[in-house]
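This report concerns only the one structure given below.
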There are 2 protein chains.
Amino acid sequence: MKTVIGVDLGGTNIVSAVVDEKGKVLGKDKRKTLSSKGAKGVLDRIVESIHAASHNSGQPWASHLAVGIGSPGPLDPFKGVVIYTPNLGWKNVPIVAILKKKLGKKVFLENDANLAALGESWIGAGKGEKVVLCVTLGTGVGGGLIVDGKIFQGATGVSNHIGHIVVDPKGPPAPYGNSGILEQYVSATGIVRLAKLAGLKPPAGAPLEAHSFQLMAEAGNRKALKVYEEAGRMLGVGLTTSLHLLNPSVVIFSGGVAGAGDLLLKPMMKELQKRSFKSHLKGLKFRMAKLGDNMGAVGAARLAWQSLKKA
Amino acid sequence: MKTVIGVDLGGTNIVSAVVDEKGKVLGKDKRKTLSSKGAKGVLDRIVESIHAASHNSGQPWASHLAVGIGSPGPLDPFKGVVIYTPNLGWKNVPIVAILKKKLGKKVFLENDANLAALGESWIGAGKGEKVVLCVTLGTGVGGGLIVDGKIFQGATGVSNHIGHIVVDPKGPPAPYGNSGILEQYVSATGIVRLAKLAGLKPPAGAPLEAHSFQLMAEAGNRKALKVYEEAGRMLGVGLTTSLHLLNPSVVIFSGGVAGAGDLLLKPMMKELQKRSFKSHLKGLKFRMAKLGDNMGAVGAARLAWQSLKKA
């Protein structure tokens, strides 16, 4: 049997999966990234995770034709270099060359948000759809775009950064000079920011994080409800812009903040219905991601299969 | 010799061109649209224009393998129907079926902004570029996106509407429910709106149009300069969003308002440098369209050549 290995490198966890040509996961490994160990230490952990997944799959090492790996960006998928990842503290790490040497296999790199979208488009919530827009509402906001089954890479591999589109030019400053970007409203960090602005505090003992405010909103706290209404409204503004440019057939949400469900999606839809063309909303589906924990690794495996065919 | 005919249907003019497989224009016709004649009258004028271009090319009628036509949108390129064009007063006109019958040739339809981009990408300012974003600053603001030489159509053919992306959610209302869209700042109509807001009037005898205010700005009028600064700044906001989503290799400007040049482009660049990732601006080119009057018709011809190959 022929297989590939997909790896999802995150700030918290490394997930590796041995995947066949139809998207079936034959073996998996999940372990802490331990980013404090630095690039060298994390690269060793990636190799360990890959070997563990291979072992768990019961497939011989020689059956793995290639490795796909997803990393937080910005990165250069063509040169195989992670340019910069604040979460890992990496700068200009030639991850493809290093792993190729350590594993003796072909290695392909893409940003994690695009691979999550590719996984969902392959065997998840975007299966069979022509244009798949994935929006990850996590610590930050990530985006991935799949057109006819392939990642839309733009000219240099830095497309689909939906978290950084401007939703209010007079909004709060972002670290790199921009201001009022989507991520500042509808990421976990953005929710906490809005909650602080509203003078909200989590209940005694609860952590200062988005989920605490989600629970407060679900319990009917008016200020917390308004925070999610504002976040959803801004998500609607950002999506209006995205629909006008990209005209997707399905929008797929993932990430912890998406767990707020209708708290977020109702004000989002209201804004979309007000602002978008009818032709953008006609037939457009909104779905939650299906692949959960495996999303990134399965997408990375799909990338490996596609890259092998191209080569 | 084998040729196709490209037609650019505009609110003011119809331009038809007989074009060979390399993009050479062998014959051309340009005439007033006379949209007051209604769909039937305009369709007759299109047919006349096509025959005139054919005659001017010196090529026999049988040498024309197909006709490509560009129309203002929204339209359905797959069904060949113009859904709605305020400038022409058309609603649900099955233009492809009608012209096919009148001409006895294959007919292909796309929106005019995408075809302008396709023309520039083929033999104009975007030649050889991987991802071409065209921005037409005319009465409205239109956009076209070409990826690897082909129009990015989205799921249902209503992508690349850059004029309708939200640049200020608290901005002025647009007719269809949206508000603060790019078109309201940097189109000819938008410039007049901003000028009125600033209490500006054109000099005695000059028409109330963007070009009058451009002349005032060029002559050093402070209020007029501020109008163009604001328009350029908002163009920068909208382009920041577009770069983050689309990551083009070249941005091409066309249309009358683009004639303001640095009045508009300097504040635009300032905003882009402040708001965008370095990786989006690195190597990115900004150019003016090269094909002038022929842009849409040449793009329509390219569409016809590509569609013939697919069929």
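The values are calculated or read from the model by the stated rules, or taken from the named source; none is laboratory data. What you see is a predicted model; the values in this text were computed from it and never measured. When we count neighbours, we look across all protein chains shown, and the Cβ atoms used for this are built from the backbone with ideal geometry, even at glycine.
Do we find a residue being in the same structural domain as residue A:213 (by TED's automatic domain parsing), in contact with a Leu (Cβ under 9 Å, 6 or more places away or on another chain) and at pLDDT 95 or above anywhere in the range A:174-182?
Yes.
Would you point out which residue out of B:154, B:143, B:128 is out of contact with any strand residue (DSSP E or B) (no Cβ under 7 Å at 6 or more places or on another chain) and of a type in the set (Gly, Ala, Ser)?
On the way: B:154 fails: out of contact with any strand residue (DSSP E or B) (no Cβ under 7 Å at 6 or more places or on another chain); B:143 fails: out of contact with any strand residue (DSSP E or B) (no Cβ under 7 Å at 6 or more places or on another chain).
B:128 is the lone residue from the list that is out of contact with any strand residue (DSSP E or B) (no Cβ under 7 Å at 6 or more places or on another chain) and of a type in the set (Gly, Ala, Ser).
For (1) closer than 23 Å to residue A:128 by Cβ; (2) of a type in the set (Gly, Ala, Ser); (3) surrounded by fewer than 16 Cβ atoms within 10 Å (Cβ to Cβ), each residue gets a yes or a no:
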site: A:270; (1), (2), (3): no, no, yes
site: A:297; (1), (2), (3): yes, yes, no
site: A:303; (1), (2), (3): yes, no, no
site: A:307; (1), (2), (3): yes, yes, no
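Could you list, in sequence order, the residues of the range B:202-219 that are free of Cβ contacts under 8 Å to residues at least 40 places away in the same chain, among the aliphatic types (A, V, I, L, M) and assigned to a helix (DSSP H, G or I)?
Across the range B:202-219, the qualifying residues are B:215, B:216.
Looking only at residues in the range A:1-57 that are among the hydroxyl-bearing types (Ser, Thr, Tyr) and surrounded by fewer than 17 Cβ atoms within 10 Å (Cβ to Cβ), which one is nearest to residue A:112 (Cα to Cα)?
Out of the qualifying residues, it is A:12.
Surrounded by 15 or more Cβ atoms within 10 Å (Cβ to Cβ), in contact with a strand residue (DSSP E or B) (Cβ under 6 Å, 6 or more places away or on another chain) and not β-branched (Val, Ile, Thr): is that true of residue A:212 in this structure?
no
Would you be able to tell me the number of residues in the range A:146-201 that are surrounded by 17 or more Cβ atoms within 10 Å (Cβ to Cβ), more than 8 Å from every other protein chain (Cβ to nearest Cβ) and in a strand (DSSP E or B)?
So the answer is 3.
From B:157, B:138, B:142, which residue is farther than 16 Å from residue A:244 by Cβ, at pLDDT below 95 and assigned by TED's automatic domain parsing to the domain that holds residue B:251?
B:138 is the lone residue from the list that is farther than 16 Å from residue A:244 by Cβ, at pLDDT below 95 and assigned by TED's automatic domain parsing to the domain that holds residue B:251.
For the range A:21-54, give me each residue that is out of contact with any helix residue (DSSP H, G or I) (no Cβ under 9 Å at 6 or more places or on another chain) and within 30 Å of residue A:127 (Cβ to Cβ).
A:49, A:52
When residues of the range B:158-209 are filtered for being in contact with an Asp or Glu (Cβ under 6 Å, 6 or more places away or on another chain) and at positive phi, how many remain?
Summing the residues that are in contact with an Asp or Glu (Cβ under 6 Å, 6 or more places away or on another chain) and at positive phi in the range B:158-209 gives 1.
Go through the residues of the range B:126-134 one by one and say whether even a single one is out of contact with any helix residue (DSSP H, G or I) (no Cβ under 8 Å at 6 or more places or on another chain), modelled with pLDDT under 95 and within 10 Å of chain A (Cβ to nearest Cβ).
Checked against the condition, which is being out of contact with any helix residue (DSSP H, G or I) (no Cβ under 8 Å at 6 or more places or on another chain), modelled with pLDDT under 95 and within 10 Å of chain A (Cβ to nearest Cβ), the range B:126-134 yields no hits at all.
Name the single residue that is farthest from residue B:296 (Cα to Cα) among those in the range B:220-261 being small (Gly, Ala, Ser), without any contact (Cβ under 8 Å) to a residue 60 or more places away in the chain and part of a helix (DSSP H, G or I).
Applying the filter and picking the extreme gives B:224.
Quick grid of which residues meet (1) without any contact (Cβ under 8 Å) to a residue 40 or more places away in the chain; (2) of a type in the set (A, V, I, L, M); (3) in a helix (DSSP H, G or I):
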position	(1), (2), (3)
A:266	yes, no, yes
A:270	yes, no, yes
A:273	yes, no, yes
A:279	yes, no, yes
A:283	yes, no, no
A:294	no, no, yes
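Of the numbered conditions (1) part of a helix (DSSP H, G or I); (2) touching a strand residue (DSSP E or B) at 6+ places or on another chain (Cβ under 6 Å), residue B:43 satisfies every one except a single condition; which is it?
(2)
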